[in-house]
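K.L.:
Sharing a structure with you now.
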Amino acid sequence: MEKRSSAKRQQREATTADQTRAALVHAALKLFGRQGFDGTSTRQIAAEAKANIGSIAYHFGSKEGLRAAAADFIVETIQGIAGQVLGGAQATAPANPEAARAQLFAALERMVGFVVVSPQAGEIVQFVLRELSHPTAALDRIYGGVFEPTHRRLCQIWEQATGEPAESEATRLTVFTVIGQVIYFRIGREAVMRRMGWREIGEEEAAKVVAATTDNLRAMLAARRPAAGKKGKS
């Protein structure tokens, strides 16, 4: 009986510890993005997470360790979302150009759904923008875990869709423009809402963003149809 009670207690403690750790990561993500790393104290993070200040050292070793954990959370979150439509680095290539184009449209729509609509994406983007402005080891984790592999995968699908070499300079730049048009609707959110007369960017508004961005992608692909089959030329 005592062993059973002890096991249950340990399970409860482990669950509570996991909840505290997750709360600290989310608080750090939010505050580091909003105020910057140097402008955020561990006391503020603990208060936001409703946790004991000593729990930061216990779970992460230091404030820097917590920043690394926040970066890892971003990597895990975006890998999960991207993987749903892109697959991993070793994913099977689309069967034909039409399938590759369909995958690009699906990826763009999924990107808008997360980046433009999800409140969590706002905190992630703020954190990443801070890191891009003042790079640290956290950006290395995000670049290596998300930016580079996701961009590379999109370039591979672009090659399947158009015949243009995945690692050519033109393809890499083109894929950045496809991603960039979506990111703007998050970082320029306030300007977009004012100019469009929107009170928010919810599902209805996001559908209009999807329509506009997919029209752009459709035009880009149509302009490159003659390149199909010319694989190997840059």
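K.L.:
Relative to the longest principal axis of the chain, what angle (0 to 90°, nearest 10) does the C-alpha long axis of helix 119-133 take?
P.N.:
80
K.L.:
Using only Cα atoms, tell me the angle between helix 2-35 and the longest principal axis of the chain; keep it within 0 to 90° and round to the nearest 10.
P.N.:
Approximately 60 degrees, to the nearest 10.
K.L.:
Among (1) 50, 40, 37; (2) 50, 48, 39; (3) 71, 46, 33, only one was calculated for this model; which label is it, if the read-out is Cα extents along the principal axes in Å?
P.N.:
(3)
K.L.:
Another question, if that's okay. Anyone know which of A82, A138, A222 comes out most mobile in the 10 Å Cα GNM of the chain?
P.N.:
A222
K.L.:
While we're looking at this one, here's another question. Taking the Cβ-Cβ separation of Q79 and A22 as r and a Förster radius of 22 Å, what is the calculated FRET efficiency to the nearest 0.05?
P.N.:
E(calc), rounded to 0.05, equals 0.80.
K.L.:
I'd like the orientation of helix 148-162 relative to the chain: the angle between its Cα long axis and the longest Cα principal axis, in ° from 0 to 90, rounded to 10.
P.N.:
The two axes meet at around 20 degrees.
K.L.:
Let me have the relative contact order for segment 78-234, percent, based on Cα pairs under 8 Å that are six or more residues apart.
P.N.:
Result for segment 78-234 is 32 percent.
K.L.:
Something else now. Size of segment 127-184 along its principal axes in angstrom, Cα-based, largest extent first?
P.N.:
37, 22, 15
K.L.:
May I ask for the distance between the Cα centers of segment 159-221 and segment 142-157, given as a whole number of Å?
P.N.:
Cα centres, segment 159-221 to segment 142-157: 17 Å.
K.L.:
Report the local net charge at V116: Lys and Arg +1, Asp and Glu -1, summed over other residues whose C-beta lies under 9 Å from its C-beta.
P.N.:
Counting the neighbours of V116, the net charge comes to +1.
K.L.:
Leaving out ligands and nucleic acids, note down the accessible area per residue over the chain with a 1.4 angstrom probe, in whole Å².
P.N.:
In whole numbers, the chain has 57 Å² accessible per residue.
K.L.:
Aspartates and glutamates within cross-link reach of K208: Cα-Cα under 14 Å, excluding same-chain residues under 8 positions apart?
P.N.:
The qualifying aspartates and glutamates are E109, E200.
K.L.:
Starting from the exponent 0.38 and prefactor 2.2 Å, build the expected Rg for segment 106-151 from its residue count and divide its actual Cα Rg by it.
P.N.:
Normalised Cα radius of gyration, segment 106-151: 1.23.
K.L.:
Please report the net charge: other residues with Cβ closer than 10 Å to the Cβ of A23, K and R +1, D and E -1.
P.N.:
Counting the neighbours of A23, the net charge comes to 0.
The values are calculated or read from the model by the stated rules, or taken from the named source; none is laboratory data. Predicted model, so just to flag it, every value in this text is computed and none were measured. Please note: Cβ atoms are built from the backbone with ideal geometry, for glycine as well, and neighbour counts cover all protein chains shown. Quick note on the areas: whole protein, heavy atoms, side chains included, nothing else; ligands and nucleic acids left out. Shrake-Rupley method; radii C 1.70, N 1.55, O 1.52, S 1.80 Å.
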